[in-house]
Every structure is written in C-alpha cells, then in structure tokens.
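**Q** Dumping the structure here so I can ask a few things about it.
The numbers here are math on the coordinates, done by the rules we state, and not lab data. Note that this is a predicted model, so its numbers are computed, not measured. Cβ placement follows ideal geometry from the backbone for every residue including glycine, while neighbour counts extend to all protein chains displayed.
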Amino acid sequence: MFTYTIKRLLQSLIVVWAAVTLMFALFFVIPGDPISLKSGEKALPQEILDNIERKYGLDKPTYVQYFRFWGNLFRGDLGYSYKNDKSVNTILQDGLSTSARLLFWGALFQLIIALAVGLTSAIKRGSLGDRIGTVFSVGIQGIPVFVSGLLAQYLFGVLPFQLHWDWLNFFKPWPTTWHAGIIPGDSWKGVVLPALVVAVVDAAFIARMLRSSLLEVLRADYIRTAFAKGLSARRVWFHHALRNALIPVVTVYGTSLIAIFGVAVQTEKVFSLPGMGSTIADSALSQDAPVVLGLAIVVISFGAVVNLIVDLSYALIDPRIKIDSKAVH
Amino acid sequence: MSEIEQIPQSLSYWQDVRKRFFGNKISIVGLVMLVFLILAGIIGPFISGWKYDDLGPDILVGPGSNGHWLGTDDLGRDIFTRVTFGIRLSLTVALVVTAISVFVGVALGGIAGYFGGWVDTIISRFIDTWQVIPFVLIGFAIITVFGSSFWVIVAALVFTGWYSTTRLFRASVMQVKSLDYVEAARATGATTKRIILRHIGPNAIPPIIVVLAFSVAGAILSESVYAFLGVGFREPTPSLGVMISSSRNYLTDKPFVFFIPGSILVLLTLSIVLIGDGLRDALDPKLRGVK
C-alpha cells in the first residue's frame with residue numbers, strides 16, 4: 001500500500017506539472033496582450049510600452065518566463081492581473097471561499113441524492129418510483145446546467161413571487177455570514193438552489209450507475225450465501241452488496257467531482273455568485289492570462305488530488321488491488 | 001402449420017440490433033423528436049419570412065403576434081427563425097466535432113490499444129494529463145488566445161472531447177485483442193492489417209456507435225455552454241446558448257424568450273441521448289434475446 005501510494009503521488013505530481021505547462025504554453029507562447037488591455041485604443045509612447053512589458057516580464061524569452069513562473073509559484077506568488085494590477089492571490093482568495101462553499105454543499109447534496117435514489121431504485125426494482133427515477137435520470141442528461149439553473153430560478157423565484165407563495169421562494173441572495181466556514185449564518189435558502197443545481201446533473205448519473213452496479217452484485221453467489229446464512233436484509237444490503245457495488249461508482253464520483261468545476265462556473269454565472277468560476281470566465285473574456293492561469297492551477301491541482309483519492313480509495317474498498325500492487329512490486 | 005411459425009427466425013447480429021432498436025419505444029420517441037427538429041432546422045429559416053438578424057419594430061412581442069410565430073426577442077428579431085437557425089448551427093458544429101473526435105479517437109486509441117508498450121504509455125499518460133483539466137477551462141484557454149471563430153470553437157470542442165473517444169476505443173481494442181478468435185487468427189498466420197481490419201475492427205465498432213451518439217449530444221451541450229458563458233459564438237449569431245444567455249434579463253416579464261430556445265436545446269440533446277441509450281441496449285450482444 002505504501003509503495004502504491006508513493007507511486008500514485010509521484011504520478012499525480014507529474015500530471016499537474018504537465019497540465020500546468022500545457023496551460024502556460026497556451027497563454028504565453030502566443031501571449032495575451034497586457035498593453036492593449038491597459039491602454040484600450042489609445043496609442044502609447046514606446047517608452048511606456050517597454051515599461052509595461054518589463055513589469056510583467058514579457059521582455060524576457062519564453063523559457064526564462066517559464067522558469068520564473070515556477071519559481072514564483074513555489075514561493076506562492078501567482079503574479080498580477082493585466083487588467084487591474086490586483087495580485088492573483090487576492091483575486092483567488094476572494095473567489096475561492098464562495099466556490100468552495102458552493103462545491104461543498106453541491107457535492108454533499110449530490111452524494112445524498114445519488115445514494116438515496118440509487119439504493120431505493122435497486123431495492124424496489126421495477127416499482128413506479130424506480131421507473132420515474134430512470135426516466136428522470138435519462139432526462140436530466142439532456143439539460144445543460146445553465147438551463148436548469150434558469151429554470152430553477154423561474155420555478156422557485158419568479159413564479160412564487162408572482163403568485164405570492166413566499167414559502168416556495170428559494171431565489172434568495174447568497175449568505176453573507178458563515179458559521180465554521182461552511183454553515184450559512186443568514187438566508188440559508190440562498191444556498192439551496194445553486195447547490196441543488198450543481199448536484200442534480202451528476203447525481204442522476206451516479207444513481208443510475210449505482211443501481212446497475214448493485215443489481216449486478218446482487219446476482220453474485222456470496223449474496224445468496226449471505227441471505228442463506230440468515231443475515232438480516234439490511235446487513236446484506238449495506239455490508240455485502242453496497243461495498244462491492246461502490247467500486248465502479250467511486251470512479252464516476254471522482255470524474256464528476258472534476259467535472260463539477262464546469263458545472264460550478266455555469267451555476268455561479270446564472271446565480272451571479274462572486275466565485276472562482278465567474279472570475280475565470282470574466283478573465284478569459286478579457287484575455288487576462290495571469291488570472292486564468294492562476295485559477296487554472298488551483299482547479300487542476302484539485303482535479304489531480306481527487307484522482308489520487310479515488311485511486312487510493314479503490315485499494316481501501318477493494319482489497320484485491322492492494323494485493324495486485326504488492327505482487328507487481 | 002402452426003409448428004412452422006413457432007420456429008424462431010434466425011437473425012444476423014445487425015438484423016437483431018435493428019429489431020431491438022425499433023422495438024424500444026423510448027428510442028423511437030427520441031428518433032421522431034430528432035427528425036422533427038432536423039426538418040425544422042432545414043426548412044424553418046426559409047419559410048419564416050424573416051432573416052435571423054432582421055431587427056424589427058416589434059420588441060419582445062409574444063408568440064403569434066404580427067406574423068412572428070414564436071414572438072420576438074429584445075431586439076425585435078424573429079425567434080422562430082433564430083431558433084431554427086440555432087438547431088442548424090448546433091447540429092453542424094456537433095457533427096463536425098464528433099467526426100474529428102472519433103477519427104482521432106479511433107486512430108490514437110487503436111494504436112495505443114493494439115500495440116501497447118511504450119506507445120500506449122505515452123498516449124495514456126497524455127490522456128491522464130488532459131483529464132484533470134476541466135473542459136470549460138480548455139475552452140476558455142483556447143478561445144481566450146485564438147478568438148471565437150467557427151473553427152476555433154470546433155477546435156476547442158474537439159480538444160475537450162477527443163480523449164474520451166480515445167480512451168474508450170483503446171479499452172475496446174484491448175479487450176477484443178485478447179479474445180480467443182484473434183489469437184486463433186494470429187496463429188493461422190493472418191497479417192496485422194488483416195487482423196485489425198477484419199477481426200478487431202468490426203467487433204470494436206458497436207461501442208463507437210454509442211459514443212458517436214453521446215459525443216454529438218455532448219458537443220451540442222458544450223457549444224451552448226461556451227456560448228452562454230460568452231466564450232463561444234457571439235451575437236448576432238443565433239446559437240441557442242447565445243439566445244438563452246440574452247434572455248436572462250426577461251425571465252420575469254417575458255419568460256417565453258428563455259423557454260423557447262431553452263426547450264429546443266433540451267429536446268435536441270435529449271432526443272440524441274435517448275437514441276444513444278436505445279443504441280447501447282440494442283448493440284449489446286449480451287442483451288440479445290432479452291425482452
């Protein structure tokens with residue numbers, strides 16, 4: 001297990017390095033132009049142009065910029081925005097707290113919905129609830145996040161407002177105070193809609209995956225044995241079936257946690273939340289390369305960490321993998 | 001007499017696939033929806049009597065007024081024309097993107113899966129790297145640097161889609177490669193070319209067809225997401241994502257401006273997803289004969 005962990009850790013580091021380099025190459029081989037961002041259409045004297053280039057280090061050859069970029073990165077300095085000279089670190093901190101809260105609640109809702117729907121539809125297979133669940137989870141795959149976000153705003157914001165059903169109005173501002181970092185201090189309703197929108201897309205997919213995986217496991221001999229031994233249904237379901245059925249589901253959950261970023265960007269845009277996603281979208285639009293690159297590093301590292309955890313948790317759920325890796329090394 | 005009728009007809013694999021696909025009500029619903037939308041996309045812009053960027057005096061009028069079948073948007077443009085044009089645009093982009101992604105996937109995935117070894121390692125590690133970058137980010141980066149013309153958007157979508165087709169085809173080839181009949185063909189002295197074209201290829205194709213369907217749906221979704229976020233097609237191009245994005249301000253008073261392009265986009269992707277689902281079941285040889 002130890003060698004396996006170290007090996008996977010090194011692999012992740014290489015992947016992060018490669019991905020960040022790829023992004024760097026995209027932005028700085030064909031550099032975004034900080035000068036036109038500052039001056040607009042005005043023509044500036046050559047001296048000022050040179051000064052700006054020097055300030056951002058763009059007068060140096062690309063490879064020097066690249067090494068300098070990594071040097072700064074190791075010191076925790078992500079550089080400065082082309083647009084307003086704010087440090088990328090500050091911009092990042094502002095957005096990160098909002099995004100982290102949104103993702104936390106989104107991922108939590110996702111897990112609860114997926115487990116509940118997946119388990120019930122597998123246990124009560126063929127029931128009305130199961131069939132509704134199946135139709136719903138296929139249907140939701142065709143709905144882009146920004147559409148479901150706007151639809152949620154209409155159904156739980158505009159409509160209740162027009163009908164004066166205030167209890168149903170969940171379209172409230174994002175909370176301003178938080179307890180322990182993640183529990184909304186005021187207007188908890190403001191969290192529900194965005195988090196549900198984040199959760200629901202992949203929750204449906206994971207639930208379906210869990211359902212089919214459970215149904216396959218249930219045909220296994222050891223499940224029949226467990227029942228024959230006289231174990232309670234609850235024990236068989238949770239101890240024998242669920243644990244084995246989770247292996248393929250964990251992979252899907254991992255990929256969905258990486259994809260959740262794309263979901264979060266759209267959700268933040270739709271609900272006008274000042275998160276990392278909106279920042280990155282706005283910065284991309286204004287070609288503010290340092291900000292996009294800085295935020296990209298955070299997102300990529302997050303993805304790599306999730307991948308690593310997924311792989312390591314395989315070894316915990318499925319003992320065979322542990323043994324295999326021992327046999328190889 | 002009745003005895004003869006009871007003997008089950010023997011069907012080839014593809015006959016069976018066709019039978020099972022058309023026997024599936026849900027995939028038929030998807031197919032009918034898609035055909036209807038495609039026809040609307042082809043014919044719509046010709047019969048509406050407006051151009052998609054015609055600015056008119058009727059601003060935000062409801063469906064059916066002044067000859068605008070589905071009303072007009074905030075600039076007085078005919079929504080029917082724009083929506084049908086949007087279907088055309090979405091499908092064109094998605095088909096081009098899918099064709100390129102599948103081509104890349106079949107080539108790279110096939111090479112990695114068949115030859116294995118260091119070629120496979122390089123391609124697989126590259127996929128690993130690519131996978132940790134969320135698709136929105138790839139699009140942002142490419143469109144930030146190269147602007148947002150048709151081919152840049154296509155390229156961005158291919159860059160977000162190529163690795164899943166590659167990974168899938170690689171896995172599929174690897175699985176088929178180790179089957180007994182491929183070993184047998186090799187043992188009888190078949191050439192590599194013959195093994196790939198005659199033995200592995202045809203058996204690796206069914207999963208590709210399913211991926212094709214989901215890839216088209218995925219490309220339509222991604223294109224609309226880029227457009228919605230402002231990094232894809234821009235006004236006045238009638239992309240469904242652009243239309244939905246500019247409808248946001250009118251959600252309260254004129255919700256139809258959102259609901260028309262929104263539901264068309266959902267129906268379009270949904271119909272393809274339903275077809276893909278039906279194809280997956282129909283093409284799965286393990287489900288042959290299962291009712």
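**Q** Roughly how many debye, to the nearest 20, is the charge dipole of the range A:202-264 about its Cα centre, given +1 on each Lys and Arg Cβ, -1 on each Asp and Glu Cβ, and no other charges?
**A** 320
**Q** Next question, about the same structure. In nm, what is the difference between 0.36 nm times the number of residues separating A:Ile112 and A:Phe238 and their Cα-Cα distance?
**A** Difference between extended and current length: 43.8 nm.
**Q** Among B:Ile111, A:Ile260, B:Pro255, flag the residue with its Cα farthest along the positive direction of the charge dipole of the protein assembly as shown, charges on Cβ as +1 for Lys/Arg and -1 for Asp/Glu.
**A** B:Ile111
**Q** Next question, about the same structure. Determine the shielding of peptide B:145-152 by partner chains: average, over its residues, the number of Cβ atoms on other chains within 10 angstrom of each Cβ.
**A** 2
**Q** Taking each residue of A:134-146 in turn, how many C-beta atoms of other protein chains fall within 10 Å of its C-beta, and what is the average?
**A** Shielding by partners across A:134-146 averages 6.
**Q** Collect residues whose amide H, placed 1.01 Å from N in the peptide plane, falls under 5 Å from the amide H of A:Trp178; neighbours closer than 5 in sequence don't count.
**A** A:Gly185
**Q** Name the shape class, rounded, prolate or oblate, that the alpha-carbon gyration tensor gives for chain B, where a ≥ b ≥ c are the square roots of its eigenvalues, rounded holds for a/c under 1.5, and otherwise prolate holds if a/b is larger than b/c and oblate otherwise.
**A** Oblate is the answer for chain B, as a/c is 1.5 or above yet b/c matches or exceeds a/b.
**Q** Would you tell me the mean number of C-beta atoms belonging to other protein chains that fall within 10 Å of each C-beta in B:125-131, as a whole number?
**A** Partner Cβ neighbours, averaged per residue: 5.
**Q** If you don't mind, another one. So for chain A, if I pair up every lysine 8 or more residues apart or on another chain, how many of those pairs have alpha-carbons under 29 Å apart?
**A** Count of close lysine pairs: 22.
**Q** Still on this structure, I have one more. Can you give the net charge of the other residues whose Cβ lies under 9 Å from the Cβ of B:Ile59, counting K and R as +1 and D and E as -1?
**A** Neighbourhood net charge equals -3.
**Q** Fewest to most neighbouring Cβ within 10 Å: what's the order for B:Thr144, A:Thr251, A:Thr279, A:Thr90?
**A** Ascending Cβ contact count within 10 Å gives the list A:Thr90, A:Thr251, B:Thr144, A:Thr279.
**Q** Could you check the spin-label model distance between A:Thr3 and B:Leu179? Points 7 Å from the Cα along Cα→Cβ, value in nm.
**A** Reported label-point gap for A:Thr3 and B:Leu179 is 3.6 nm.
**Q** Then there is this: Tell me which DSSP H helices of chain B clear both cut-offs, 30 Å or more of axial length from alpha-carbon atoms and a mean Kyte-Doolittle hydropathy of at least 0.5.
**A** What comes out of the filter, once short or polar helices are dropped, is B:25-47, B:79-115, B:150-177, B:201-229, B:256-283.
**Q** Right, here's the next one. Specify, per residue and in Å³, the volume enclosed by the convex hull of the alpha carbon atoms belonging to the range B:15-86.
**A** Cα convex hull per residue, to the nearest whole number: 99 Å³.
**Q** Between the range A:47-83 and the range A:240-314, how many Å separate their Cα centres?
**A** 27
**Q** What are the extents of the Cα atoms of chain A along their three principal axes, listed from largest to smallest and rounded to whole Å?
**A** Result, largest extent first: 86, 67, 36 Å.
**Q** Something else: What FRET efficiency comes out for the pair B:Asp253/A:Ser187, r = Cβ-Cβ distance, R0 = 22 Å, nearest 0.05?
**A** After rounding to 0.05, the efficiency reads 0.30.
**Q** Next question. Take the Cβ-Cβ distance between A:Thr90 and B:Thr188 as r, set R0 to 60 Å, and report the resulting FRET efficiency rounded to the nearest 0.05.
**A** 0.30
**Q** Additional query: With r defined as the distance between the Cβ atoms of B:Val119 and A:Ile247 and R0 fixed at 22 Å, what FRET efficiency is calculated, to the nearest 0.05?
**A** E between B:Val119 and A:Ile247, to the nearest 0.05, is 0.15.
**Q** Cβ under 10 Å from A:Gln141's Cβ, A:Gln141 left aside: what net charge do those residues give with Lys, Arg +1 and Asp, Glu -1?
**A** -1
**Q** Sort the range A:189-329 into rounded, prolate or oblate with this rule: let a ≥ b ≥ c be the square roots of the eigenvalues of the Cα gyration tensor; rounded if a/c is under 1.5, and if a/c is not under 1.5, prolate when a/b is larger than b/c, oblate otherwise.
**A** The shape class here is oblate.
**Q** Using the C-alpha atoms of the range B:1-124, what convex hull volume per residue, in cubic angstrom, is computed?
**A** 216
**Q** Hey, another quick one. Once Lys and Arg get +1 and Asp and Glu get -1 on their Cβ, which of B:His68, B:Ile43, B:Asn203 lies farthest toward the positive end of the dipole of chain B?
**A** Comparing the listed Cα positions along the dipole, B:Asn203 ranks first.
**Q** Relative contact order of chain B, please, whole-number percent, based on alpha carbon pairs below 8 angstrom and at least 6 residues apart.
**A** Across chain B, relative contact order equals 25 percent.
**Q** Follow-up question, since we're still on this one. Note down the nm distance, to one decimal, between modelled labels 7 Å out along Cα→Cβ at A:Arg125 and at B:Leu11.
**A** 2.3
**Q** Report relative contact order for chain A in percent, whole number only (criteria: Cα-Cα under 8 Å, sequence separation at least 6).
**A** About 26 percent, as a whole number.
**Q** Considering only A:Ile112, A:Ser87, A:Ile123, whose Cα is most displaced toward the positive end of the charge dipole of the range A:70-124, charges sitting on Cβ of Lys, Arg (+1) and Asp, Glu (-1)?
**A** Value computed over the given set: A:Ile123.
**Q** Using a ≥ b ≥ c from the Cα gyration tensor of the protein assembly as shown (square roots of the eigenvalues), is it rounded, prolate or oblate, where a/c under 1.5 gives rounded and otherwise the larger of a/b and b/c decides, a/b for prolate?
**A** In terms of gyration-tensor shape, rounded.
**Q** Based only on other Cβ atoms within 10 Å, what is the fewest-to-most ordering of B:Tyr163, A:Tyr154?
**A** Ordered from fewest to most neighbouring Cβ atoms within 10 Å, B:Tyr163, A:Tyr154 come out as A:Tyr154, B:Tyr163.
**Q** Let me ask another. Counting other beta carbons within 10 Å of each residue's own, what order do B:Arg280, B:Arg170, A:Arg101, A:Arg219 fall into, fewest first?
**A** The fewest-first ordering by Cβ neighbours comes to A:Arg219, B:Arg280, A:Arg101, B:Arg170.
**Q** Place a +1 charge on the Cβ of each Lys and Arg in the protein assembly as shown and a -1 charge on the Cβ of each Asp and Glu, then give the dipole magnitude about the Cα centre in debye, rounded to the nearest 20.
**A** 2100
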